[in-house]
Amino acid sequence: MNKISVVLLALALTSQIQCQAEEVKPASISYFDTYNKWRSNNRRVFLNKEEETYRQLVFFENLNQINAHQKNNEATYTVSLNQFSDYSDEEFQQIILNKRIQMSQPEIQEEQQPKGNLRKTVSYPDSVDWRNTGALSPVQNQGWCGSCAAFGTAGVLESFHYIRYNYLVKFSEQQLLDCARQAGFDAYGCDGTWQQEYFKYAIKHGIVSANSYPYVGYQTACKNTSDLPKYFPQSFRFINRNSDDIKDAISKGPISVTIDASNWKYYRGGIFNGCSRYRQLNHAVIAVGYDVQGNYIIKNSWGPYWGDEGYITISAQNDCGILLSAIQVLS
């Protein structure tokens, strides 16, 4: 069995494990002790000694990066070990992030950009945070499937439904993952897609509850939902690519955004300002607020033990491309 096959099979065996992040221990504790404790806490199992050795070496390399960051007194955010700590940067981007998203925007977005001088003066609060309003379902874990766009779509529809009807329904990411491509949309299951493809699917076919179509972490055959209750959103729009319009939209409800998450792997807390100047959009998330400094509060889909209880705050000055592809549900 080649190395890639071994890696992928080992990942599959641990795909449903949600692992609590842990602080890196002082240098007095050996790397091996740190690794053994992390491995036990995260229930890592391997097919053979070769795979175990490879994962251990990757872990040590990642631990070096974490320790180097913690010595940076100018850092505005903290990092820690978590469920990705024995994954190389390349594996993280290929397995967890969205392989189908490219930096250039798809034609549909250009078609829906406002034509002519339609810019209006907007007014919005100094800060917004939807986390404690009842409008958000608990943080989910996409597992080892690049299904972030499904979570970004379902989560925004949940919030819109709550704000309009004062009733929170957890919608099915698995339905979007399984059924959108079969229905003719440009979606690729765990290889990802742009979030607008899932919004278009929900408008045409409706979306069912997660209770009736639960998430399993990999693409399966599309199930028959004809007899199940569905919610049918009616319209969405792409938001103008400026911070005023983004904040105005967030003040009305959580929005779906596509960003560059290439450097988010170790994030633990604080204001993240570690995105590259050369942004590569590769992850769909939900913007649920902003603070008085303009930093954006983001709901992620890597489980509640990643980051700040599943959330990340990104800097207004280094925003990971949040302005480039943002969607607001209108009706």
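Below are the figures for this structure:
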| quantity | calculated |
| --- | --- |
| Residue count for segment 292-307, restricted to those that are small (Gly, Ala, Ser), surrounded by fewer than 24 Cβ atoms within 10 Å (Cβ to Cβ) and in contact with a strand residue (DSSP E or B) (Cβ under 9 Å, 6 or more places away or on another chain) | 1 |
| Unique match (being in the same structural domain as Gly321 (by TED's automatic domain parsing), more than 30 Å from Asn295 (Cβ to Cβ) and crowded, with 22+ Cβ neighbours inside 10 Å) among Leu228, Leu177 | Leu177 |
| Subset tally (residues that are part of a loop (DSSP other than H, G, I, E, B) and either touching a helix residue (DSSP H, G or I) at 6+ places or on another chain (Cβ under 8 Å) or under 17 Å from Tyr231 (Cβ atoms) (or both)) for segment 161-218 | 25 |
| Qualifying residue in segment 264-281 (condition: in the same structural domain as Lys247 (by TED's automatic domain parsing), surrounded by 24 or more Cβ atoms within 10 Å (Cβ to Cβ), modelled with pLDDT of 95 or more and small (Gly, Ala, Ser)) | no |
| Residue within segment 225-242 that is part of a strand (DSSP E or B) and either free of Cβ contacts under 8 Å to residues at least 12 places away in the same chain or touching a Phe, Trp or Tyr at 6+ places or on another chain (Cβ under 6 Å) (or both) present | yes |
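The values are calculated or read from the model by the stated rules, or taken from the named source; none is laboratory data. Predicted model only: the values in this text are computed from it and were never measured. Heads up, the Cβs are rebuilt from the backbone with ideal geometry, glycines too, and the neighbour counts pull from every protein chain shown.
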